[in-house]
Amino acid sequence: MAQRKRDIKGRYVPEKATEILSQATALKDKATELEAQACKLIENENNPPEWLKTAITAFASACGVTPEDFAERVKLIHPTPSDPVLLVDGKSIFSYI
């Protein structure tokens, strides 16, 4: 006969509760792993490679964007990891496809 588990107060814990607790622990571990991956993606997004910074700056200055209004007018989005899109004033200026 399998040994039944007890809780902190010494009461017997039903097998189903033990199974659910095990699943919850696995989900918590998965959530922690996904959060770490998300943090890594955000870090990569916030620190683009130098060539991309140079290209964005060149395109923005060619469109007449000054350093003072750069943050308000220029946005770089990534619909997929391999094709960034540069937006100036909400309009697509450059897309690498």
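The values are calculated or read from the model by the stated rules, or taken from the named source; none is laboratory data. It should be emphasised that the depicted structure is a prediction, and the values quoted were computed from it without experimental measurement. Glycine also receives a Cβ, built like all others from the backbone with ideal geometry; neighbour counts cover every protein chain displayed.
Before moving on, here are some points about what is shown:
- Only one of the listed residues (ILE20, ILE42, ILE56) is surrounded by 11 or more Cβ atoms within 10 Å (Cβ to Cβ) and more than 16 Å from ALA71 (Cα to Cα). That residue is ILE20.
- Residue selected from the range 3-58 under the condition among the aliphatic types (A, V, I, L, M) and assigned to a loop (DSSP other than H, G, I, E, B), by the criterion nearest to GLU72 (Cα to Cα): ILE8
- Of the residues making up the range 55-77, not a single one is without any contact (Cβ under 8 Å) to a residue 40 or more places away in the chain, polar (S, T, N, Q), out of contact with any Phe, Trp or Tyr (no Cβ under 6 Å at 6 or more places or on another chain) and farther than 18 Å from LYS91 by Cα.
- Within the range 57-95, being modelled with pLDDT under 75 and out of contact with any strand residue (DSSP E or B) (no Cβ under 8 Å at 6 or more places or on another chain) holds for THR80, PRO81, SER82.
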